[in-house]
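Student: Quick one: the structure is below, questions incoming.
The values are calculated or read from the model by the stated rules, or taken from the named source; none is laboratory data. No experiment lies behind these values; they were computed from the predicted model shown. Virtual Cβ from ideal backbone geometry, glycine too; neighbours counted across all protein chains shown.
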Amino acid sequence: MKHVLIIGAGFAGYLTAKQLAHKSYGTVQITLIDPKDHFLFAPLLIDVLQGDKSPESITIPLVSASKKHGFTFIQGLATNINRSEREVLIETSDGEQTLAYDILVFTTGAGTNYYGNQTAERFAYPLKSLKDAARIKSRIEWAVKQAMITDDAVKRSALLSFCVVGAGATGIEALCSIQDIAFEVCKERVSLRSEMQFHLFQATTQILPGFPMRMVCFALAECERRGFVIHCGVPVTQVTEDSIVCADGSRFEAACVLWAAGLSPNSIRADVPFPLTGAWLHVDSFLRLADDVFAAGDVVAASYQKILVPKNGQTAGMMAKVLTENIWRTLHNRFDLKEFRYLSRGTLLVMGNNAYIDFRFFGFSGAWIGKLRSVYYRVLLWHFLR
Ligand SMILES: Cc1cc2nc3c(=O)[nH]c(=O)nc-3n(C[C@H](O)[C@H](O)[C@H](O)COP(=O)(O)OP(=O)(O)OC[C@H]3O[C@@H](n4cnc5c(N)ncnc54)[C@H](O)[C@@H]3O)c2cc1C
């Protein structure tokens, strides 16, 4: 039986494993590898951070999912690919093991990019996992509680300052959650709210680069309403335990610095290097890296109509469909592979209880969009489970 080995159980990898298992009815051996024991629905991490959702409600346990859908799950980290022998080296809690493959699928996603800033890596908080969300939440709660019991005005000001680096959708959504958490902690002493500072840093000259202008305007208005201070065009050069320093020498106190400034691909060593665009895996229009290797999701640089497609869950889900079909056709020695076509289903930005959704030619804002998103994601997760 042919063996399809999928590295990374995120949107692209998990959905490909599940869809291929349904399509092949046990005629193909499918193995999915991930160091985590669960699939994480990352778009809802903000809700977990805010305490609106429990961690369990945004994950799918992979052992039970693998049994249900008919693939094998191995909890481990792929560390080396031997393309000449068609083998992958995996580190598990029981030691190292080597797995042979007929088709390899690379869906390892992306991690936080600190752009070589070691101080940021050491002191800033990323938001990529459930553990990250829990750490950020407890840090904010700790800072506000400390501020409530101190009489030292200088100390209090530092404890009530919060910074986010990176004004993309995740950064902006996270700063709103940070404010909501901080406000909630001091609900018995609301006067403290006026002492709080919320800073948003963006190295480029505009927030939400690459997003529709209507959405940028909505975000700017909402940031103003919430009293956020926006610093655009000033790269952050240093992060300490309690401050942030910018390239122009300005320094800001910070009880918590959340880093959402960029992505870097999760790559794996290989004896024969894969084609790259910058640091990203370069796939062709059929999501192929080679005849026997496919890749999808955040780890790739994929274009459609000569434009790079955005890296998000929506894209990764679309890619998983094409990937499933193309793996299936390759296994059956077919050469008529399906081309990946990108079609945006809309762009969403949730800022606390207000939200904006943009469809190419028009957009809407309002609290009802946030509620609609909740229902839509619940249905999507149910569909992922099914
Ligand atoms: C806070 C946050 C909010 C977001 N909000 C949205 C949103 O609103 N809408 C949207 O569309 N997208 C959103 N995204 C982006 C979306 O989650 C990602 O684009 C999507 O998860 C990418 O899917 P993927 O399969 O490429 O990677 P991932 O889902 O990141 O999965 C990659 C998997 O590979 C595993 N892996 C990595 N290296 C190895 C290795 N060496 N061996 C084995 N396994 C490995 C990882 O553990 C991980 O499970 C958000 C992301 C975050 C962090």
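Each row is one residue, and each column tells you yes or no for (1) of a type outside the set (A, V, I, L, M, F, W, C); (2) in contact with a Gly (Cβ under 8 Å, 6 or more places away or on another chain); (3) closer than 18 Å to LEU40 by Cα.
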{"position": "SER66", "(1), (2), (3)": "yes, no, yes"}
{"position": "GLY76", "(1), (2), (3)": "yes, no, yes"}
{"position": "GLU87", "(1), (2), (3)": "yes, no, no"}
{"position": "THR98", "(1), (2), (3)": "yes, no, no"}
{"position": "GLY109", "(1), (2), (3)": "yes, yes, yes"}
{"position": "ASN113", "(1), (2), (3)": "yes, yes, no"}
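Student: Enumerate the pairs (first residue in segment 22-41 and modelled with pLDDT of 95 or more; second residue anywhere and among the charged types (D, E, K, R) and surrounded by fewer than 15 Cβ atoms within 10 Å (Cβ to Cβ)) with beta-carbon separation below 7 Å, excluding pairs fewer than 6 apart on the same chain, so at least 6 apart or on different chains.
Tutor: If the second residue must be among the charged types (D, E, K, R) and surrounded by fewer than 15 Cβ atoms within 10 Å (Cβ to Cβ), no pairs are left.
Here is a yes/no grid of residues against (1) away from the ligand (no atom under 15 Å from the Cβ); (2) in a loop (DSSP other than H, G, I, E, B); (3) of a type in the set (Val, Ile, Thr); (4) modelled with pLDDT under 95:
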{"position": "ALA261", "(1), (2), (3), (4)": "no, yes, no, no"}
{"position": "SER264", "(1), (2), (3), (4)": "no, no, no, no"}
{"position": "LEU281", "(1), (2), (3), (4)": "no, no, no, no"}
{"position": "ASP284", "(1), (2), (3), (4)": "yes, yes, no, no"}
{"position": "LEU289", "(1), (2), (3), (4)": "no, no, no, no"}
{"position": "PHE294", "(1), (2), (3), (4)": "no, no, no, no"}
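Student: Could you run through segment 337-371 and say how many residues are modelled with pLDDT of 95 or more, in a loop (DSSP other than H, G, I, E, B) and at negative phi?
Tutor: Of the residues in segment 337-371, 6 are modelled with pLDDT of 95 or more, in a loop (DSSP other than H, G, I, E, B) and at negative phi.
Student: Can you pull out the residues in segment 44-85 that are buried (at least 19 other Cβ atoms within 10 Å of the Cβ) and assigned to a helix (DSSP H, G or I)?
Tutor: Result: LEU44, LEU45, ILE46, ASP47, VAL48, LEU49, GLN50, ILE58, LEU62, ALA65, SER66, HIS69.
Student: Here is a further query. Are there any pairs, at least 6 apart or on different chains, whose C-beta atoms fall under 7 Å, with the first in segment 260-273 and closer than 20 Å to ALA12 by Cβ and the second acidic (Asp, Glu) and buried (at least 16 other Cβ atoms within 10 Å of the Cβ), and if so, which?
Tutor: LEU263/ASP298
Okay, residues lined up against (1) farther than 14 Å from ILE268 by Cβ; (2) over 20 Å from the mean Cα position of the chain (by Cα); (3) within 11 Å of the ligand (Cβ to nearest atom):
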{"position": "SER64", "(1), (2), (3)": "yes, yes, no"}
{"position": "LYS67", "(1), (2), (3)": "yes, yes, no"}
{"position": "GLY70", "(1), (2), (3)": "yes, yes, no"}
{"position": "GLU85", "(1), (2), (3)": "yes, yes, no"}
{"position": "ASP102", "(1), (2), (3)": "yes, yes, no"}
{"position": "GLY111", "(1), (2), (3)": "no, no, yes"}
{"position": "GLY116", "(1), (2), (3)": "yes, no, no"}
{"position": "GLU121", "(1), (2), (3)": "yes, no, no"}
{"position": "ASP132", "(1), (2), (3)": "yes, no, yes"}
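Student: Could I ask something else about it? Please find, within segment 247-259, the residue that is farthest from the ligand (Cβ to nearest atom) out of those that are surrounded by 18 or more Cβ atoms within 10 Å (Cβ to Cβ) and more than 16 Å from the chain's Cα centre (by Cα).
Tutor: Result: GLU253.
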